[in-house]
Amino acid sequence: MSEYQLGLDYPRSQDQQDELAQYRNRFHLPKDEKGNELIYFCGNSLGLQPRSTKSYIDQELEDWANLGVEGHLEAKNPWLPYHEFLTESMSKLVGAKPIEVVVMNTLTANLHFMMVSFYQPTAKRYKILIESDAFPSDKYAVESQLRHHGFDDKDGLILWKPPEGEELLKYEDLEALLDRSGHEIALILIGNVNYYTGQYFDMKRITALGHRYGCVVGFDCAHGAGNVQLNLHDSNADFAIWCSYKYLNSGPGSLAGCFVHERHAHNRDLNRFTGWWSHNKETRFNMRHEFDLLPGAEGWQLSNPPILSMAAIKASLDIFNEAGIEKLCKKSKKLTGYFEFLLNQLNDDRIRIITPENPDERGCQLSIQVKNADKQLHNELTLAGVISDWREPDVIRCAPVPLYNSFEDVFQMVERLKNVLNAS
Ligand SMILES: *Cc1c(COP(=O)(O)O)cnc(C)c1O
């Protein structure tokens, strides 16, 4: 017997019992032209705007208007240390210590800055291992680093591929790859939740494996942060990066996160690019000093950061702090389990879920593969008021997000999908 039930009574009673249900009202839900709320399943791509974001940004605009340059020290939230107001909540969210985390730059930029330090190829050990379905930006970044160091980007790239005809990656294949080529691999970079399949990877296991072969191990947590409970410190990974505009609801193009493990915090010999923001805070404005590196992840900052974007991140992190990532993940498992149950009940062999069935091997996203797909099904779903995300060649990605999606959203989404499938 499934814990889930068909019909509308079940989702309604679940929503009534859900202690996180009120958080939906803290967000702006997109509407169609007639003013009807859309069913938003795209938090994996761009999270919704918290209603509080505007007042957080307005505060900084007001302080800027009233104080000008004095705002650096005199603003209600002084701009000079503003990034520090994010560190504690952000580090809690990704399972790290404050010294290991900083919010700065954007995601791909942070990936490059991390590779400046953690991709140190030699003539014998220069290859980089990524997932075969890595996010394109990560792949391009890695290839350009190979070229930057004078290597061939085809020869230098090793892909962790799923078995023929399958979508999901197997740890055994990674073990075999490392057994064969581990001595040539300088860096392993894995998306901790794969953006395409939604498969979650055990960072601790992959890090231990990579370290055993002498590789540096980093993770792209763009689809993990705010979606699953991360354990960056315990995973022992060397570095990680993530963005704040997907599950972290901080607005389009907002700043990214960066993790550097504590064991590297005081290593002044690590190669890196620096700027005045990586310099000791006490003497930064003397402007004449010999360079004096900040310890920890903060030591990778370059510039004074965009405060308006940080204000949006603060608004979002305050909500996460209040709701608690443990509770959110608990609801997420149930919401996505219910979604999976309803999809399976459709019994339609034109669709297939490629995301792992095991709730511990995924976040909230389900990737639905459509047989003989063209984009038509996705377009019709959009016309039916469901915002989801289409990935070539044949996958619709749907993410019921526990902060603002309800069990009834999931019910309505599957009803509409059923109608669209039946009409086609
Ligand atoms: C969303 C995403 C990106 C996008 O990179 P930006 O630098 O933020 O534009 C890169 N990598 C992964 C894995 C992503 O999920």
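Given R0 = 41 Å, the distance between the Cβ atoms of ASN280 and GLN16 translates into a calculated FRET efficiency of 0.15. A cut-off of 5 Å between modelled amide H atoms, ignoring neighbours fewer than 5 places along the same chain, links TRP160 with ILE130, GLU131, SER132.
Pairs to check: LYS331/LYS375; LYS76/LYS331; LYS124/LYS204. Give those whose C-alpha atoms are more than 29 Å from each other in this structure. From the list (LYS331/LYS375; LYS76/LYS331; LYS124/LYS204), the Cα-Cα distance tops 29 Å for LYS331/LYS375; LYS76/LYS331. Adding -39500 (n - 2.57) for every DSSP H run of four residues or longer, then dividing by how many residues the chain holds, sets the calculated 222 nm ellipticity at -11000 deg cm²/dmol. Restriction of the trypsin sites (Lys or Arg not before Pro) in the range 309-409 to DSSP coil positions whose beta-carbon has at most 12 other beta-carbons within 10 angstrom yields LYS371. CYS364 sits with roughly 0 Å² accessible to a 1.4 Å probe, with DNA, RNA and ligands left out of the calculation. For the chain, the carbon plus sulfur part of the accessible surface works out to 49%, probe radius 1.4 Å.
For the set GLU131, GLU415, GLU33, the ranking by accessible area, highest first and with no ligand, DNA or RNA atoms included, is GLU33, GLU415, GLU131 under a 1.4 Å probe.
In order along the range 242-255, the Karplus-derived 3J(HN,Hα) couplings, from 6.51 cos²θ - 1.76 cosθ + 1.60 at θ = phi - 60°, round to 6, 9, 10, 9, 8, 5, 8, 6, 10, x, x, x, 5, 5 Hz, and Gly and Pro are given as x.
Applying a DSSP loop filter and a limit of 15 other Cβ atoms within 10 Å to the trypsin sites (Lys or Arg not before Pro) in the range 96-136 leaves LYS124.
Each residue of the range 106-116 was assigned a 3J(HN,Hα) from its phi angle through the Karplus expression (A = 6.51, B = -1.76, C = 1.60, θ = phi - 60°), giving 10, 4, 5, 4, 4, 4, 4, 4, 5, 6, 4 Hz with x at Gly and Pro. Send over a whole-number figure in Å² for the accessible area per residue of the range 1-122, probe 1.4 Å. Per-residue accessible area for the range 1-122 comes out at 53 Å². Size descriptors for the chain: radius of gyration and Dmax over Cα atoms are 22.4, 71 Å. Using DSSP to define loop residues, name the GluC sites (Glu not before Pro) in the range 162-227 whose beta-carbon has at most 16 other beta-carbon atoms within 10 Å. Sparse-neighbourhood loop GluC sites (Glu not before Pro): GLU164, GLU166. For the chain, DSSP calls about 55 percent of its internal beta bridges antiparallel.
Only Cα pairs under 8 Å and 6+ residues apart enter the sum, and on that basis the relative contact order of the chain stands at 23 percent.
The values are calculated or read from the model by the stated rules, or taken from the named source; none is laboratory data. Quick caveat, the model's predicted, so the values are computed rather than measured. We place every Cβ from the backbone using ideal geometry, glycine too, and count neighbours over all the protein chains shown. These area figures cover heavy atoms from the full protein model, side chains too; ligands, DNA and RNA do not enter into them. Shrake-Rupley method; radii C 1.70, N 1.55, O 1.52, S 1.80 Å.
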